[in-house]
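All remarks here apply to the structure that follows.
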Amino acid sequence: MISTANGEVIITNDGATILNKMEVLQPAAKMLVELSKSQDSAAGDGTTNVVVIAGALLKECQSLLSNGIHPTVISDSLHKACVKAIIS
């Protein structure tokens, strides 16, 4: 259930609807909202899944950053993993 700024109440289990109604300020959260919109536009479904997967990846990236791994190394490694996953 979502209560909007103008008092509208929305009841939904659709991830895209929930994210579209949220006012997001944090850059990483904005990225997740845009990812959800892109998934919804391309496939019409799976928005919650892509946000959960991306959120898990971001959490792991934060851990790597905390351990002193350079952001470029993380980015390059994620790109290599993506290419490998697509080819497999």
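Measure nothing but the geometry: give the 0 to 90° angle between the long axis through the Cα atoms of 47-66 and the longest principal axis through the Cα atoms of the chain, rounded to 10°.
Rounded to the nearest ten degrees, it is 40.
Using Cβ contacts closer than 10 Å as the measure, can you line up Asp14, Asp40 from fewest to most?
Values: Asp14 13, Asp40 19.
Placing the least packed residue first, the sequence is Asp14, Asp40.
Where in the stretch 1-74 are there GluC sites (Glu not before Pro) that are in a DSSP coil and have at most 10 other Cβ atoms within 10 angstrom of their Cβ? Walk me through the numbers before you get to the answer.
Working: sites: Glu8, Glu23, Glu34, Glu60; in loops: Glu8, Glu23.
In loop regions of the stretch 1-74 (DSSP not H, G, I, E or B), the sparsely surrounded GluC sites (Glu not before Pro) are Glu8, Glu23.
For Cys61, Cys82, what's the fewest-to-most ordering of other Cβ within 10 Å of each Cβ?
Working: Cys61 17, Cys82 10.
Taking fewest neighbouring Cβ atoms as first place, the list is Cys82, Cys61.
For the pair Asn49 and Met31, how long in nm is the line joining their label points, each one 7 Å along Cα→Cβ?
2.2 nm
Give me the tail of P(r) for the chain as a percent: Cα-Cα pairs with distance above 20 Å.
Distances greater than 20 Å cover 49 percent of the Cα pairs.
Coordinate-derived values only; no laboratory data. What you are looking at is a predicted structure, and each value in this text was computed from that prediction instead of being measured. In this analysis, Cβ positions are derived from the backbone assuming ideal geometry, glycine residues included, and neighbour counts consider all displayed protein chains.
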